[in-house]
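Visitor: Sharing a structure here in structure tokens format.
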Amino acid sequence: MSLTESQTGELNLAVHEYLLSRGFLSAAGSLAVEATLENAPTEAPEQSSGMLEKKWTAVVRLQKKVMELESKLEAVSAELAGPKKLGGKRDATTWIPRPPGKEVKGHRLPVTRVLFHPVFSVFLTASEDTTMKIWDYESGDMERTLKGHTNTVQDIAFNAKGTLLASCSADMTIRLWDFDGFECTKVMRGHDHNVSSISFTPSGEHLISASRDTTIRIWEVGTGFNVRTIKGHTEWVRAARPDPSGTLIGSCGNDQTVRVWSFETGAEKHVMNKHTHVIEELQWAPVISKASINVAMGIEDEGMYRDGPFLATGARDKKIILWDAGAGVAIYTFAGHDSWVRSLKFHPGGNLLLSAGDDKSIRVWDLKTKRCTKTISAHNHFVQSIDMHPTTPYLVSGSVDQTAKIWECQ
């Protein structure tokens, strides 16, 4: 495969800049002459763009991913070719974390959020120490630290392809990062207080933020403009997230209400009350969970299924409540945590809900039976965040004890 004339020119310029930045002036001059680089500088720029390093890093990362996939393919092929065993591996739809978790350390203050990358075999941690760190979830090695915020990083989110990362902070800003070059490309300002949650819409064209200033804001990713401000909550909005279709926004906060809004107009559709304390977390149920939720409601006939959409909230009243956001009503309550519920995650298989909280535990709930099927003593301090990988058997947790843990699932 040969490069186009434009690609060849870009590569030559990147190599030329690299040679200058490393002090190889004679070699850079020779390259400029032989490659006929017009108007090529003869001295190193004050600040190098690092173009060649970025391309090299991207190539190395892709090579590593290819090797990992080849290894997994070989293992699967061998398994399929071999004799079938009774029992075997647990169905991927029911993977659950198994102790012990692999602990990783690096932050100087509590970990506020953990998040898997949708493509690469890495996860991110955000912290009160103002940084985000990138970790390999298979080896546990830390790969990079992202700096830019000047106060606690409260939440992080990837777009569907994993090319963009969004972060929000108590410094009242939202930052957009190019995940290929690990550079902050936009800083969005508009909130008047701590920004507590950030989410991409399913299309990836907008961001939704929630803040202690009691507002929800919608931002255009391409321009960084605040295109809509939604008001209605009377106190700190802890979380605001789009539903899987991108047509609704669910929010919750210190006013103990769960609210559903139209993404298109910002109009309030429902105000739902049942929690008796601050609501810390909100997560929309994936479409695949619809059947399990309807069975829990006693609806066995698929033709009679309620469409929802459904969402779950976790609060300081130690409860998790599942809601029908289409009808604006509570469906049922999960009770079992001994302290505040901080984080929720629907299992990618659709039948389970995972939760974590200040009782230092991670709990697994069966959506059909509404029962807690497993409790894991996860950390030495409050568990603030969990995330589950959508396709591989891993869960990650982050804690006030300044550590993250990687849990293999079986």
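Visitor: On the basis of being within 30 Å of S139 (Cα to Cα), surrounded by 14 or more Cβ atoms within 10 Å (Cβ to Cβ) and either free of Cβ contacts under 8 Å to residues at least 60 places away in the same chain or in contact with a Cys (Cβ under 8 Å, 6 or more places away or on another chain) (or both), does E70 make the cut?
Guide: Answer is no for this residue.
Visitor: Still on this model: Any chance the stretch 337-355 includes a residue that's over 21 Å from the mean Cα position of the chain (by Cα) and more than 22 Å from S196 (Cα to Cα)?
Guide: yes
Visitor: Here's something else I'd like to know. Report, by residue number, each residue of the stretch 180-203 that is at pLDDT 95 or above and assigned to a loop (DSSP other than H, G, I, E, B).
Guide: Residues satisfying the conditions are G190, H191, D192, H193, N194, T201, P202, S203.
Visitor: Of all the residues that make up the stretch 200-214, how many are more than 18 Å from K161 (Cα to Cα) and open to solvent by less than 10 Å² (accessible area, probe 1.4 Å)?
Guide: Residues flagged as more than 18 Å from K161 (Cα to Cα) and open to solvent by less than 10 Å² (accessible area, probe 1.4 Å) within the stretch 200-214 amount to 3.
Visitor: Now, a different point. Looking at the stretch 371-381 only, could you name the residues that are surrounded by 18 or more Cβ atoms within 10 Å (Cβ to Cβ) and part of a loop (DSSP other than H, G, I, E, B)?
Guide: If the condition is that a residue be surrounded by 18 or more Cβ atoms within 10 Å (Cβ to Cβ) and part of a loop (DSSP other than H, G, I, E, B), then A378, H379 are the ones that fit.
Visitor: How many residues, within the stretch 1-28, are surrounded by fewer than 16 Cβ atoms within 10 Å (Cβ to Cβ) and either in contact with a Ser or Thr (Cβ under 9 Å, 6 or more places away or on another chain) or within 17 Å of G50 (Cα to Cα) (or both)?
Guide: 10
Visitor: Also, I was wondering about something else. List the pairs whose first member sits in the stretch 385-410 and is farther than 16 Å from P99 by Cβ, whose second member is surrounded by fewer than 22 Cβ atoms within 10 Å (Cβ to Cβ) and of a type in the set (F, W, Y), and whose Cβ atoms are under 7 Å apart, counting only residues at least 6 apart or on separate chains?
Guide: V400/F382
Visitor: Related question: Here are the criteria: (1) open to solvent by less than 10 Å² (accessible area, probe 1.4 Å); (2) more than 30 Å from C184 (Cβ to Cβ); (3) of a type in the set (A, V, I, L, M); (4) in a strand (DSSP E or B). Tell me which single one I230 does not satisfy.
Guide: Unmet condition: (2).
Visitor: Moving to a separate point now. From the list V400, V396, pick out the single residue that is surrounded by 19 or more Cβ atoms within 10 Å (Cβ to Cβ), under 27 Å from S292 (Cα atoms) and of a type in the set (V, I, T).
Guide: The unique qualifying residue is V396.
The values are calculated or read from the model by the stated rules, or taken from the named source; none is laboratory data. Keep in mind that what you see is a predicted model, and the values were worked out from it rather than measured. All Cβ positions, glycine included, derive from the backbone under ideal geometry; neighbour counts span all protein chains shown. Remember, those area values only see protein heavy atoms, side chains included, never the ligands or the DNA or RNA. Shrake-Rupley method; radii C 1.70, N 1.55, O 1.52, S 1.80 Å.
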